[in-house]
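Structure, as structure tokens:
Here, each number is a calculation from the coordinates, and none is a lab measurement. Computed from a predicted structure; not experimentally measured. Cβ placement follows ideal geometry from the backbone for every residue including glycine, while neighbour counts extend to all protein chains displayed.
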Amino acid sequence: MTETIAHSSAWEWLGFRLVDEAEGMATVEMTSREQMANQAGFLHGGLISTLADSAMGRSLRTIKPEVRRAASFDLKLSFIASARIGETLRATGKVVHVGRRTCVTECRVEGDRGRLIATASGTFMVSREKQQTDAD
């Protein structure tokens, strides 16, 4: 896997790792830590949402012409199961629709042994690199 862009400092702080990417797809994982627990002792749902949003945003970086900027303006997340502290979560984002200025994505967040934690969908506003033509 080739790194195409630098990760944000938020990714470093949260411990997100890019583990796979291909055209229209990216997989990001994290291992939850004690500081990430909610009052019930499970991983805070906002962090699951952040992981899903990051995987979907990263999946947009794999399409052509290249996406320079992507900002989610619609995010829907459905929680299926609680994530345990110490568990490694893997979010796989996929591009569903590519428009000129907006793109639609979906994501699956899984825990240990592929246990489904959450599903998500998102709509992103994008700006792209200009596509080169033979006339350029």
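For this structure, a couple of remarks:
- Selection of trypsin sites (Lys or Arg not before Pro), the stretch 44-107, meeting DSSP coil and at most 11 other Cβ within 10 Å: 100, 101
- For the chain, calculated [θ]222 nm from helices alone, where every DSSP H run of n ≥ 4 adds -39500 (n - 2.57): -5000 deg cm²/dmol
- Spin-label model distance (nm) - residue 73 vs residue 96, 7 Å beyond Cα toward Cβ: 1.8 nm
- Toward the positive end of the charge dipole of the chain, with +1 on the Cβ of Lys and Arg and -1 on the Cβ of Asp and Glu, the farthest Cα among 41, 125, 30 is that of 125.
- Gained length - residue 88 relative to residue 115, 0.36 nm times residue gap less alpha-carbon distance: 8.6 nm
- Using Cβ point charges alone (K and R +1, D and E -1), the dipole size of the chain about the Cα centre works out to roughly 300 debye.
- Of all the options 30, 125, 56, the one that moves most in a Gaussian network model of the chain with Cα springs shorter than 10 angstrom is 125.
- Simple spin-label estimate for residue 31 and residue 81 in nanometres, 7 Å along Cα-Cβ: 2.0 nm
- Where Rh is the Kirkwood radius over Cα pairs, Rg/Rh for the stretch 1-124: 0.96
- Pairs of Cα atoms in the stretch 46-92 fall into 5 Å distance bins, from 0 up to the last occupied one, in shares of 5, 17, 27, 22, 13, 9, 5, 1 percent.
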